[in-house]
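Read the structure below first, then the notes.
The values are calculated or read from the model by the stated rules, or taken from the named source; none is laboratory data. Keep in mind that what you see is a predicted model, and the values were worked out from it rather than measured. Cβ sites come from the backbone with ideal geometry, for glycine too, and all protein chains shown count toward neighbours. Side chains included, ligands, DNA and RNA excluded: accessible areas come from the protein's heavy atoms. Shrake-Rupley method; radii C 1.70, N 1.55, O 1.52, S 1.80 Å.
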Amino acid sequence: AGLLDLSFGSPRLLKRKSGAEDLVFAAPSELWGLNPETGKLRWYVETGLAGNVSPDAVFAGDLICVFGGYPATGRVGVKLGDDNKGEIVWRDNNSTYVPTPVVHEKALYWVSDQGFANAADAVSGKAIYKERLGGGSQGRGRGKPFYASQVIVGDNVYAVSRRQGTFVIAAKPTFEVVATNIIEGDDTDFNATPAVSDGCLFLRSNKALYCVGK
């Protein structure tokens, strides 16, 4: 299979200090920076995260953080110089296979598909906490407990599980579940990443689309 056959994340625009923009895309074992106007490759970095790469690359200041890999997952922090030479400044095996992390105040937050809530310092890559959410396994043949990527609203991380509701986690160094919200009467899977617009949270299950607001 080619590199793009194993790439499932979305490209993201990175605005450089020079004012130029790169279209950043995480591929198996590599991170690419493309000219968004021409599609031509400007730079690439070998990440070593082989196999499927599902999460999007995320940005923390001048760091690009890449998660994923299969069958072994990992995460790396890449610092890109003005000369388009990239350097891996940290590497760790505690990662996620499907959900994309979020960044808040130089910290990374993510809930892995296995159902562990994680936080790590984005600059050093050092883990801050790792805690189990919910009841863990979904049962034989039912897949992992989390597929949706996390979103951040204010100072909270919203993590939508497939069958155990939405977990609201404080975006701070101490692990705290602020709330767990379940939509009664819908026992289908919630696989989609939530959307946020105009004070409303949009959640989609296999049954319906919900708008949650004040």
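Can you compute the modelled spin-label distance between GLU184 and THR38, with each label point 7 Å from Cα toward Cβ, in nm?
With each label point 7 Å from Cα toward Cβ, the separation is 6.1 nm.
Please give the contour-minus-distance gain from LYS214 to LEU23: 0.36 nm per residue of separation, less the Cα-Cα distance, rounded to one decimal in nm.
65.1 nm
What accessible surface, in Å², does a 1.4 Å probe find on LEU203, ignoring ligands, DNA and RNA and rounding to the nearest 10?
About 10 Å², rounded to the nearest 10.
What is the gain in length, in nm to one decimal, between ASN93 and PHE8 on full extension, counting 0.36 nm per residue of separation less the C-alpha to C-alpha distance?
28.6 nm
Classify segment 90-214: rounded, prolate or oblate, from the alpha-carbon gyration tensor (a ≥ b ≥ c, eigenvalue square roots; a/c under 1.5 rounded; otherwise prolate if a/b is larger than b/c)?
The shape class here is oblate.
In debye, nearest 20: dipole of segment 1-134 around its Cα centre with unit charges on the Cβ of K, R (+) and D, E (-)?
Taking the Cα centre of segment 1-134 as origin, the dipole is about 180 debye.
Between segment 88-117 and segment 144-214, what is the separation of their alpha carbon centroids in Å?
17
Once you have a ≥ b ≥ c as the square roots of the Cα gyration tensor eigenvalues for segment 1-112, tell me rounded if a/c is under 1.5, and otherwise prolate or oblate according to whether a/b is larger than b/c.
Oblate, because a/c is 1.5 or more while a/b does not exceed b/c.
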